[in-house]
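Asker: Handing you a structure now.
The values are calculated or read from the model by the stated rules, or taken from the named source; none is laboratory data. These figures come from a predicted structure and were not determined experimentally. Here the Cβ positions follow ideal geometry from the backbone for every residue, glycine too, while neighbour counts run over all protein chains shown. For accessibility, only protein heavy atoms count, side chains too; no ligands or nucleic acids. Shrake-Rupley method; radii C 1.70, N 1.55, O 1.52, S 1.80 Å.
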Amino acid sequence: MSAAPVDHDAPPAFHDAGRRARLRACTLLLVDDEPANLDLLEAVLEGDGYERIVRTTDAREVPALVARHAPDLVLLDLHMPHRHGLDVLADLRRDTPPDDYRPVLVLTADATGEAKERALARGARDFVTKPFDATEVLLRVENLLDTRLLHADA
């Protein structure tokens, strides 16, 4: 008996309707000093079904927003006034309990290898340069949230 053909474009089995709904119910915190960047990112995420989105243009607000909203994922710019994204990453790492997993996706125009290495060393779980491809960002967001939920379920 021959095996059924494999559809390489089909979504993985774990991305059923229930899993998708659970991912879309996650809270996302967007941090960027440029309102236009937040508007674009929010439109992309809302267009894919995400509804629980918190945003700020002031990186100094991140600790209070994390305490208030307990985001499942933080999408973070690096070069901002008042607080650099690397400092925010260090704060998030320090304030996240050791048994918790709160991923951070860095979205920045800084395409240097040094920026990427420093962000990943400070706790970012993924890194995308601007201008970004919407599909790539959505896939990375879903992957990070899926890992977050798997950790929460463990």
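Asker: Using the Karplus equation 6.51 cos²θ - 1.76 cosθ + 1.60 (θ = phi - 60°), what ³J(HN,Hα) coupling, rounded to whole Hz, does each residue of segment 122-127 give in order, writing x for Gly and Pro?
Answerer: Coupling constants for segment 122-127: 8, x, 4, 9, 7, 8 Hz.
Asker: Continuing with the same structure: Near A36, within a Cβ-to-Cβ distance under 13 Å, what is the net charge of the other residues, with Lys and Arg +1 and Asp and Glu -1?
Answerer: Net of charged neighbours comes to -4.
Asker: Taking only protein heavy atoms into account and a 1.4 Å probe, give the accessible area per residue of the chain in Å².
Answerer: Ligands and nucleic acids excluded, the figure is 56 Å² per residue.
Asker: Kindly report, to the nearest 10 Å², the accessible surface of Y101 as traced by a 1.4 Å probe over protein heavy atoms only.
Answerer: Approximately 40 Å² for this residue.
Asker: Determine the share of the chain's accessible area contributed by carbon and sulfur atoms, expressed in whole percent, with a 1.4 angstrom probe.
Answerer: Of all accessible area on the chain, carbon and sulfur atoms account for 52 percent.
Asker: Kindly express, to the nearest 10 degrees and within the range 0 to 90, the angle between helix 134-153's C-alpha long axis and the longest C-alpha principal axis of the chain.
Answerer: 80
Asker: Continuing with this model, one more query. So I have (1) 1.14; (2) 1.02; (3) 1.09, and one of them is Cα Rg over 2.2 N^0.38 Å calculated from this model. Which one is it?
Answerer: Correct label is (3).
Asker: How much solvent-accessible surface does E117 expose, in Å² to the nearest 10, with a 1.4 Å probe and all protein chains in place?
Answerer: Accessible surface of E117 is approximately 130 Å².
Asker: Sort the following peptides by mean Cβ neighbour count (other Cβ atoms within 10 Å, averaged over residues), highest first: 16-23, 106-113.
Answerer: Going from most to least packed, we get 106-113, 16-23.
Asker: Let me ask you something else. So what is the relative contact order of the chain, in percent, for Cα pairs below 8 Å that sit 6 or more residues apart?
Answerer: 21
Asker: Given the DSSP H assignment, sum -39500 (n - 2.57) over each helix run of at least 4 residues in the chain and divide by its residue total; what's the result at 222 nm in deg cm²/dmol, nearest 500?
Answerer: Calculated from helices alone, the mean residue ellipticity at 222 nm is -13500 deg cm²/dmol.
Asker: Give the angle, between 0 and 90 degrees and rounded to the nearest 10, that separates the Cα long axis of helix 85-95 from the longest principal axis of the Cα atoms of the chain.
Answerer: 70
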